[in-house]
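Enquirer: The structure that follows is given in the form of structure tokens.
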Amino acid sequence: MQAPKILPWVAHRHAVDLERAEALWAQAVAMADFHYGRAEGGSDYWKYAVETFLRLARCDGAALIDAGAAVRAHGASPAVETVVIQGRIGEITLSALAQILHVGTRIWAAGMSRAANDERVASVRRQ
């Protein structure tokens, strides 16, 4: 299996080591094999493999960003501050989403217990 020619460029763009990018490419090809059948080789197969590779590289590069280490290594430049701020915004967004899901779950559970209680009362009245 030969890696695409854009692999080094994608690795550099998403801050992923070349060896890791090759492993991500192998994983993308394996996912394409699973999705389309073993080594079909059609245009849909390769499109799926490349899109999967790009998605994997984008996620892997984002997971490697350590804001504290970036500030220590490069100082407080505007680019590093932007990365730090975006990381904090991402954490806030996930925290808010977790709170929304928690509240929604509690409301749903309260509604379910109320419905179960109403059902019990109706069955007692029928007797």
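The values are calculated or read from the model by the stated rules, or taken from the named source; none is laboratory data. Here the structure is a predicted model, which is why all the values come from computation and not from measurement. We work out accessible area using only protein heavy atoms, side chains counted, and drop any ligands, DNA or RNA first. Shrake-Rupley method; radii C 1.70, N 1.55, O 1.52, S 1.80 Å.
Enquirer: If DNA, RNA and ligands are ignored and the probe is 1.4 Å, what is the ranking of Arg120, Arg125, Arg55 by accessible area, most exposed first?
Expert: Ranking Arg120, Arg125, Arg55 by accessible area, largest first, yields Arg125, Arg120, Arg55.
Enquirer: Could you do me a favour and compute the accessible area per residue for segment 1-56, 1.4 Å probe, result in Å²?
Expert: Per-residue value: 68 Å².
Enquirer: Probe radius 1.4 Å, ligands and nucleic acids left out: which of Trp108, Trp46, Trp25 has the largest accessible area, and how do the rest follow?
Expert: From most exposed to least exposed: Trp108, Trp46, Trp25.
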